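Input: a single structure, listed below in C-alpha cells.
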Amino acid sequence: MAERFVRVSLERRDVHCTARLLDDRAPLTCTVVWEALPLAGDVYHAKYARNEIYALFPPFASTEPPLENPTVTPIPGDLCYFSFAGAELGTQAYGYDREVRPGTTLVDLALFYERNNLLLNGDVGWVPGIVWGQVVDGLDRMAEACNDLWRTGAAGETLSFSRA
C-alpha cells in the first residue's frame, strides 16, 4: 500500500502539519479514519494528558477499532484515537457543554505536540490510545499554535483532519 498522509489544521490560527498514517501498525484504525475524512470540530486542550489538543466526533465506524498500536505515553507528533462512552466524560470537571451526554459514544482524535505526556486520568485510571499517525512536517509551527491555544484559549477554534 502506498503511504497515506493527513493534514491536521487549526483553522482560525491558519496553521497545519502533515502526518503519515501508520498503516503498518494500526491498519484498522487508519482505514476507519481515512474513510471518515474530512473531519472538523471544536478544539480542546487536554487537562490531564498535558501537551495534547483534540476534537470530539460522533462515532464514524460501524465497529470501533481494537486497541492496536496502543500507548499511554504519546510522543510529540503522535496522532491518537480514543473512543469514550459519554458517561466517562459527562462530568462537569471536563467542561464540555454540548457534545457529551451520558448515553452517547464519542471519538476523540488527538494530536500530541510536545514531550512528557501520560494518559492517566484521575477519574478512570489509564486511558490507552491508538497511535494511528505521526507528524512528518510542520510540528514546530503547530506546537507554537498549540501553546498559544493553551495560553489564550480554544474558544472559536476548529481542529480539522483532511486527506493530504
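The values are calculated or read from the model by the stated rules, or taken from the named source; none is laboratory data. Quick caveat, the model's predicted, so the values are computed rather than measured. Methodologically, a virtual Cβ is constructed for each residue, glycine included, from the backbone with ideal geometry; neighbour enumeration extends over all protein chains shown. Only protein heavy atoms, including side chains, enter the accessible area calculation; ligands, DNA and RNA are left aside. Shrake-Rupley method; radii C 1.70, N 1.55, O 1.52, S 1.80 Å.
Annotation for T31 and T71: the two label points, set 7 Å from Cα along the Cα-Cβ direction, are 2.4 nm apart. At a probe radius of 1.4 angstrom, the accessible area of the chain per residue rounds to 50 square angstrom. Between F82, C17, P65, the Cα set farthest toward the positive side of the dipole of the chain (charges on each charged residue's Cβ, about the Cα centre) is that of C17. Modelled spin labels at D140 and N121, positioned 7 Å past Cα toward Cβ, are 3.5 nm from each other.
Express in % the proportion of alpha carbon pairs of region 1-76 at distances exceeding 16 Å.
61 percent
Helical runs (DSSP H, four residues minimum) scored at -39500 (n - 2.57) apiece and divided by the length of the chain put the mean residue ellipticity at 222 nm at -5000 deg cm²/dmol.
If you put +1 on each Lys and Arg Cβ and -1 on each Asp and Glu Cβ, how big is the dipole of the chain around its Cα centre, in Debye rounded to 20?
Values: 14 positive and 22 negative charges, 26 e Å.
Its charge dipole is roughly 120 debye.
Based on the Cβ-Cβ distance from T18 to T105, what FRET efficiency comes out when R0 is 22 Å, to the nearest 0.05? Intermediate values should be presented prior to the final figure.
Numbers: r = 29 Å, r/R0 = 1.31.
E between T18 and T105, to the nearest 0.05, is 0.15.
Dimensions of the chain from C-alpha coordinates, computed as largest minus smallest value along each principal axis and given longest first, are 43, 36, 27 Å.
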